[in-house]
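Student: What follows is a single structure, and I will ask about it in a moment.
The values are calculated or read from the model by the stated rules, or taken from the named source; none is laboratory data. As the structure is a prediction and not an experimental result, all values here were calculated from the model. Cβ placement follows ideal geometry from the backbone for every residue including glycine, while neighbour counts extend to all protein chains displayed.
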Amino acid sequence: MALDHPVRAEVRTADSRRPPRAVDAQRRPTTAELEQILAPAATLSIAMIGTRGVPAAYGGFETAVEEVGRRLVERGHRVTVYSRGGESRDRQYLGMDIVHLPALPQKQLETLSHTGLSAAHAVLHRRPDAAFVFNAANAPFLPLLRARGIPVALHMDGLEWKRDKWGARGRAYYRWAEEHGVRHADALIADAPGIADYYTAEFGVPTELIRYGAPILQDTPADAVRALDLEPGGYHLVVARFEPENHVREIVEGYRASHATMPLVVVGSAPYAAEYTRRIHELGDADPRVRLLGGIYDQDVLDALYFHAHTYVHGHSVGGTNPSLLRAMGAGTAVIAYDVDFNRETLDEQGWFFGDASDAERHFNSVEQETPLVASLGEASRRRAASVFRWEHVAADYEALAVLLASGERRRDRGRASTRRRSDTAR
């Protein structure tokens, strides 16, 4: 459910003879209801700012921009995506207009430098009717956009200040940016109930709960898997950046201590965590059952790996609804997940959960002997993904929010919004 607090907003219509329609945000309308509500709405110009852009080849934000953006275009809106890096310099992709702008190639400044240029471009050129800014770190640029009269929804992502890759200054910045975003955004987007609960508890403000979608795979060729010298259904899969909060090291340690015979296939790397990556390679290189494949960016190969894995092992702990987990669910693959509320809620408890290497070891020892249960949990995950995590619903939620923003309707009561945390200590 995306629009989780009651708001009614009149939506401008293309035909002035028709009375304005109202959007009741007490619950998310069905797709048919949204089509009826939004059909007469004027075409909107929507900007998407703060990600690496499209084509999606990096992470969850980029996938969301691509999947949502192309569907908004199909519904008649004009979508502008601000991109950085990448090999493509095309000015259009899947109907979206692409603006390529540079960024400083430094961890602390890459995102901020590109978002600053993107915000300046949006201000100085044709004003969009609404903007979606991704990543709480980009909150400093919200006043610039709003000064130009551009209503802004800020996607808060996960609890970034908990990530070990950031030093004390980085964590302090992210906590400040959360407060700044709460103060200046017209709407806040959370991708998981736990994130929405966090902002309610910390700041007393509502958020728009808009999830990610899951690609549903029913039949995927095994050629790419066999090309990697793997047997379909005969390996465990990890797909993650090598960062401490993703617990790749604990997964590998638990696997090495287990009696598992199926290989552990690890896809991923980390550009900013050399020591952590080195430790994972030391562990993996010492066990011939561990296959470290590095980064794989061919989506067909990744789909095949997800689809044909015996289990998917998910160690992410500080994000909200994670796209890698959704891919495994949509592929019908049973999941062993790190034990945090985000993962339990996404899976609806349908999986195994671990808190350390010894827990992971125990699960690796058992799941290879429980093939019927593995298949049953995998199918349960696919059904949940197909029901709850649908890109069509996600895009409809973004469209409904864009319409409300463009209409001038405030998405939260700024007069009652706290500008400071309710707690003085990190949660």
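Student: Within the range 357-366, how many residues are out of contact with any helix residue (DSSP H, G or I) (no Cβ under 6 Å at 6 or more places or on another chain) and either surrounded by fewer than 20 Cβ atoms within 10 Å (Cβ to Cβ) or of a type in the set (V, I, T) (or both)?
Tutor: Residues flagged as out of contact with any helix residue (DSSP H, G or I) (no Cβ under 6 Å at 6 or more places or on another chain) and either surrounded by fewer than 20 Cβ atoms within 10 Å (Cβ to Cβ) or of a type in the set (V, I, T) (or both) within the range 357-366 amount to 5.
Student: For the range 305-341, name all the residues that are part of a loop (DSSP other than H, G, I, E, B), small (G, A, S) and at negative phi.
Tutor: Those that are part of a loop (DSSP other than H, G, I, E, B), small (G, A, S) and at negative phi: A309, G315, S317, G319, G320, A331.
Student: For the range 274-297, does any single residue satisfy the condition of being farther than 27 Å from D219 by Cβ and within 20 Å of the chain's Cα centre (by Cα)?
Tutor: If we filter the range 274-297 for residues that are farther than 27 Å from D219 by Cβ, which is where we start, we get 274-290, 292, 294.
Now restrict to residues that are within 20 Å of the chain's Cα centre (by Cα): none.
Looking through the range 274-297, none of the residues is farther than 27 Å from D219 by Cβ and within 20 Å of the chain's Cα centre (by Cα).
Student: Then there is this: Do you know which residues across the range 267-277 are surrounded by 11 or more Cβ atoms within 10 Å (Cβ to Cβ) and assigned to a helix (DSSP H, G or I)?
Tutor: Once the filter is applied, which keeps residues that are surrounded by 11 or more Cβ atoms within 10 Å (Cβ to Cβ) and assigned to a helix (DSSP H, G or I), the range 267-277 yields Y276, T277.
Student: Give the residues of the range 180-236 that are part of a strand (DSSP E or B) and closer than 23 Å to G50 by Cβ, sorted by residue number.
Tutor: A187, L188, I189, A190, E208, L209
Student: Could I ask something else about it? Looking at G158, G181, G254, G167, which one is surrounded by 24 or more Cβ atoms within 10 Å (Cβ to Cβ) and at pLDDT below 90?
Tutor: Working: G181 fails: at pLDDT below 90; G254 fails: at pLDDT below 90; G167 fails: surrounded by 24 or more Cβ atoms within 10 Å (Cβ to Cβ).
That would be G158, the only listed residue that is surrounded by 24 or more Cβ atoms within 10 Å (Cβ to Cβ) and at pLDDT below 90.
Student: I'd like to check which strands (runs of 3 or more DSSP E) are fully inside the range 1-112 and have at least 3 residues that are farther than 30 Å from Y199 by Cα and at pLDDT 90 or above.
Tutor: So the answer is 96-100.
Student: Could you pull out the residue among S366, S317 that is outside the structural domain of E66 (by TED's automatic domain parsing) and closer than 19 Å to M262 by Cα?
Tutor: One residue alone meets the criteria, S366.
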